[in-house]
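Undergrad: I have a structure here, written as structure tokens, and I will follow up with some questions on it.
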Amino acid sequence: MLDTLPFLNKITFPAINRKSINILQINLGYRCNQQCLHCHVNAGPNRSEEMSHEVLIQTLEFIKINHIKVVDLTGGAPEMHPDFIYLIKTLRNWAVKVINRCNLTILNEPGYEAIAQSLADNQVEVVASMPCYLEENVNKQRGNGVFESSITALKKLNQLGYGDKGSSLILNLVYNPQGASLSPEQFTLEKDYKQFLAEKYDIIFNQLFTITNVPVKRFGSMLISKNQFTPYMDLLQNAYQPENLEGVMCRYQLSIDWQGYLYDCDFNQMLDLPLEGNGQRLHISNVSSDDLNNKEIIVSGHCYACTAGKGSSCGGALS
Ligand code: SF4
Ligand code: SF4
């Protein structure tokens, strides 16, 4: 795997500071039933990194003490963590909003078939990867058979009430470009997705989020190996929109890895750019949100992925 950080560090990006922590994004581990080309985590079936029960309890304590209102679960496939159901139930009992970043196919895997019902029972918001509404494009990026399995999972979620305007169960889909390009306009693409998926598969959902590919891990390595890294960085930098700086997710979020270490965002986690104090990595067990608010964020060339064009975040376009 080729490391993009030495190249990214040569690119300057404006200084920004955190405002407050409204969302805690927890990466439960790097294990995944898929192995997608665009993955910025380098997740896959052979990864064994997984949050221990001890760190999970420390994380829950942080959430309670610091009155965190929204938790965003990611991975790998977060549903593969053995404490996944315990975690979502505990958070929902505390009235914390829970967002689950779901690759859809996990909902059909043996041993995980009951997860969709648990998500619905606990009113968990689902943000599901669906990088295109065309079968060929999805399978090319995410693997053979992924599109068909994703459609099966979406139907299962719809049957449970997800995506229905009259229901409180929210189902949002995520689009990301197939390669080294920017996303089309989010609202226009959402209309196309809604029309195509409804007409062809009778599938409904709430919103589409367009997310720019970030040049780290598997995607970054692929760009370097195909000599596309510099043109892609040029594309991102030329499309820089300063007004997007206000809404970049690191200003309102904190990311935690499977070992309990803290980062400004999931991308900084993957680039191993941890938050530090007194030369030590900050750990969820010994910080409070007050220690982190207003602190300078660690930026590098990859941050242009968040500020290019309409901007990009875990919740889609910024403007
Ligand atoms: S992109 Fe998502 S589904 Fe694909 S390998 Fe990475 S974590 Fe798994
Ligand atoms: S990659 Fe985006 S979210 Fe992460 S630090 Fe840079 S601007 Fe913030």
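The values are calculated or read from the model by the stated rules, or taken from the named source; none is laboratory data. Here the structure is a predicted model, which means the values were calculated and not measured. Note that each Cβ is placed from the backbone with ideal geometry, even for glycine, and that neighbours are counted across all protein chains shown.
Undergrad: Does region 87-96 include one or more residues that are in a loop (DSSP other than H, G, I, E, B) and free of Cβ contacts under 8 Å to residues at least 24 places away in the same chain?
TA: yes
Undergrad: Something else about it: For the structure I just gave you, tell me whether Y201 is under 22 Å from Y30 (Cβ atoms), surrounded by fewer than 18 Cβ atoms within 10 Å (Cβ to Cβ) and either aromatic (F, W, Y) or touching a helix residue (DSSP H, G or I) at 6+ places or on another chain (Cβ under 6 Å) (or both).
TA: Taking the combined requirement at face value, the residue does not satisfy it.
Undergrad: All but one of (1) in a loop (DSSP other than H, G, I, E, B); (2) crowded, with 20+ Cβ neighbours inside 10 Å; (3) near ligand 2 (Cβ under 9 Å from one of its atoms) hold for L318; which doesn't?
TA: Single failed check for L318: (3).
Undergrad: Next question. Out of I11, I63, I16, report the one residue that is within 14 Å of ligand 2 (Cβ to nearest atom), within 27 Å of C306 (Cα to Cα) and at pLDDT 95 or above.
TA: I16
For (1) assigned to a loop (DSSP other than H, G, I, E, B); (2) modelled with pLDDT of 95 or more; (3) touching a helix residue (DSSP H, G or I) at 6+ places or on another chain (Cβ under 7 Å); (4) among the basic types (K, R), each residue gets a yes or a no:
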residue: I151; (1), (2), (3), (4): no, yes, yes, no
residue: G161; (1), (2), (3), (4): yes, yes, yes, no
residue: G166; (1), (2), (3), (4): yes, no, no, no
residue: A180; (1), (2), (3), (4): yes, no, yes, no
residue: N213; (1), (2), (3), (4): yes, no, yes, no
residue: F219; (1), (2), (3), (4): no, no, no, no
residue: M233; (1), (2), (3), (4): no, yes, yes, no
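Undergrad: Return the residue satisfying two criteria in turn: it lies in region 283-305 and is hydrophobic (A, V, I, L, M, F, W, C) and buried (at least 20 other Cβ atoms within 10 Å of the Cβ), and of such residues it is farthest from T59 (Cα to Cα).
TA: Ranking the candidates gives A305 first.
Undergrad: Could you list, ordered by first residue, the pairs with Cβ atoms under 6 Å in which the first is in region 257-268 and farther than 13 Å from Y30 by Cα and the second is β-branched (V, I, T) and within 16 Å of ligand 1 (Cβ to nearest atom), at least 6 apart or interchain?
TA: Listed by first residue and then by second, the contacts come to F267/V214; F267/V216.
Undergrad: Based on what the data block shows, is D264 within 16 Å of ligand 1 (Cβ to nearest atom) and surrounded by 19 or more Cβ atoms within 10 Å (Cβ to Cβ)?
TA: No: the conditions fail for D264.
Undergrad: Now for a different question. N176 passes all but one of (1) of a type in the set (S, T, N, Q); (2) at pLDDT 95 or above; (3) surrounded by 19 or more Cβ atoms within 10 Å (Cβ to Cβ); (4) out of contact with any Gly (no Cβ under 7 Å at 6 or more places or on another chain); which number fails?
TA: (2)
Undergrad: While we're on this one: Checking the condition within 26 Å of Q123 (Cβ to Cβ) and assigned to a loop (DSSP other than H, G, I, E, B), which residue from F209, F205 passes?
TA: Just a single option satisfies the conditions, and that option is F205.
Undergrad: Check region 141-153 and report whether any residue there is in contact with a strand residue (DSSP E or B) (Cβ under 9 Å, 6 or more places away or on another chain), farther than 14 Å from C32 by Cβ and among the hydrophobic types (A, V, I, L, M, F, W, C).
TA: Among the residues of region 141-153, at least one is in contact with a strand residue (DSSP E or B) (Cβ under 9 Å, 6 or more places away or on another chain), farther than 14 Å from C32 by Cβ and among the hydrophobic types (A, V, I, L, M, F, W, C), which makes the answer yes.
Residues checked against (1) touching a residue at least 60 places away in the same chain (Cβ under 8 Å); (2) outside any loop (DSSP other than H, G, I, E, B); (3) more than 10 Å from ligand 1 (Cβ to nearest atom):
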position: Q34; (1), (2), (3): yes, no, no
position: L37; (1), (2), (3): yes, no, no
position: H40; (1), (2), (3): yes, no, no
position: R47; (1), (2), (3): no, no, no
position: L56; (1), (2), (3): no, yes, yes
position: L60; (1), (2), (3): no, yes, yes
position: I63; (1), (2), (3): no, yes, yes
position: I68; (1), (2), (3): yes, no, yes
position: V71; (1), (2), (3): no, yes, yes
